[in-house]
Structure formats: structure tokens, C-alpha cells
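The values are calculated or read from the model by the stated rules, or taken from the named source; none is laboratory data. Quick caveat: nothing in here was measured; it's all calculated off a predicted structure. Note that each Cβ is placed from the backbone with ideal geometry, even for glycine, and that neighbours are counted across all protein chains shown. Side chains are part of the model used for accessible areas, which takes the heavy atoms of the whole protein and leaves out ligands, DNA and RNA. Shrake-Rupley method; radii C 1.70, N 1.55, O 1.52, S 1.80 Å.
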Amino acid sequence: MLSLKPGLKVLDVGCGIGGSGFYMVKKFNVQVLGVDLSTNMIQIGKQRAIEFKDDQVEFVVQDVTSAEYEPESFDVIYSRDTILHIEDKKSLFANFLKWLKPGGELLISDYCKGPQELSDVMKAYIAKRQYHLLSPEEYGKLLEEVGFSDVKAKDNTARFIEILKAERERFDKEKSTFLKDFSPEDFEYLVEDWDTKIDRCGRGDQKWGLFHAKKSV
């Protein structure tokens, strides 16, 4: 969905250990700045960059809600399943718009909520995780409000369920390997997390949104 080409500068928000950044560099030869709140993940990302001899992905421990990048610093801003943690999405999206160059692109996937009254189970889940969820439609409208153009807001929940089920099946096959380093209780905890997520999505409580937008030239 992104018009990636060599030399473009990408901000990867919530980069984790760098999977997306390394992929974008390998496939499209871009420059990536990966930011995340997790010191552990950033350290792993830095170590991977050394192992891969990759100097086109830079990793920084950074709270993106307080970051101060120069206007028009990036060609692309990308984030996968991270912004659900942030309550003031409007201010963040306004910063994204400011940090993008004219014609720049934004691509986000994120946990969302269904449009109907949420079940008590879903409400408890959101409260426990301290998530701040919008419906896919609300998410898209907020991007338009701050000034993004060509906003595409897609409910991609069906695809999300496919991914969850595939991950769950692969994890079952790797159980013996997992148990060499972790306990059976750890295994069951993760399995239950997958199963309850699939159930929430199936009931319409949880959605997975995919959002693409541009900054006007």
C-alpha cells in the first residue's frame, strides 16, 4: 500500500525488535528510524542490526507522544498495532501530519472496537490492558479531521482472524521447542490469549483496522 522506493525515510512507530524496518530496507532500500518505549526490544533490534550488518535501520528508545522531530522529516510513517496504547490520538496524528513531507504517506494497523455496545468481557479486557480503542470508522474520521487526505479506513478483522488462527496452529506445532525454555503454564497462557482474541473478534467486540492516508502536496 506504500509507494516505497530507495532513499525514502521511514518512521516506524512501535518498532519492537525491528522486523518491519529490516523488511522495508531489504525489499525497498529505504532508511528507517524505529522508535519504541521498550528498552529491551530496542537493544535486541540494535544487536540484530549489527548481526545483519544493516546500517539503514536506526533504533531509539522514544515516547512518540513527546517526540519533537523537525517538520517534514519523513516520507512515510508506519505503525503496527501500537497506537491502541495512546489516548490522545488526535494530537499524535496532527504530529504525524507535521512530520511528513508533502505527498508523504501514513500506514497504520491497529486494534479497534466494534460499533455496537461492547460486552462486559471486552470492557474488562480494555480496562485491564489500558487500551484506548476507536472503531475503524472513528479512526478514519479522526485522520481526516487533522488534515490527512485520501484516507482509507478498512475493517480488516477477517484477515486478522486468519492470521491469529495460523499463528495459533504454528505455535501448537512448536510446543515441544517452546517448553525447552518456558513452562507449560506459559504455553497455556499464550494459547488462551490467542483463543480469547479470536473469540472477541468473532463476536464483533474487537476489530482490526488498516488505515492509509496522505499529506497533500
Which residue, Phe182, Phe28, Phe52, has the most motion in a Gaussian network model of the chain that connects Cα atoms within less than 10 Å?
Phe182
What order do Val61, Val32 take when sorted by accessible area (1.4 Å probe), most exposed first?
Val61, Val32
Connecting C-alpha atoms closer than 10 Å in a GNM of the chain, tell me which of Pro184, Pro71, Pro102 has the biggest fluctuation.
Pro184
Taking the chain as a Gaussian network, Cα atoms linked when under 10 Å apart, which of Ser79, Ser91, Ser183 shows the biggest mean-square fluctuation?
Ser183
Where Ile83, Ile198, Ile44 fall by accessible area, highest first, once all protein chains stay in place (1.4 Å)
Ile44, Ile198, Ile83
Using just the Cα positions, wrap the stretch 1-44 in a convex hull and report its mean projected area in square nanometres, one decimal place.
3.0 nm²
Just round it to a whole percent: the fraction of Cα-Cα distances in the stretch 77-183 exceeding 22 Å.
46 percent
Charge tally in the Cβ shell below 13 Å around Lys215, where Lys, Arg are +1 and Asp, Glu are -1, Lys215 excluded
-2
Among the listed pairs Lys113/Lys141; Lys141/Lys215; Lys27/Lys165, give every one whose C-alpha distance is greater than 22 Å.
Lys27/Lys165
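What fraction of the Cα pairs in the stretch 1-98, stated in percent, has a spacing above 16 angstrom?
Numbers: 2533 of 4753 pairs.
Value for the stretch 1-98: 53 percent of Cα pairs lie more than 16 Å apart.
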Which of Leu106, Leu179 is most accessible, then next, and so on - probe 1.4 Å
Leu179, Leu106
Tell me, what does the Kirkwood hydrodynamic radius of the chain come to in angstroms if you use every pair of distinct C-alpha atoms?
18.6 Å
Please tell me the relative contact order of the chain in percent, rounded to the nearest whole number, where contacts are Cα pairs under 8 Å and at least six residues apart.
22 percent
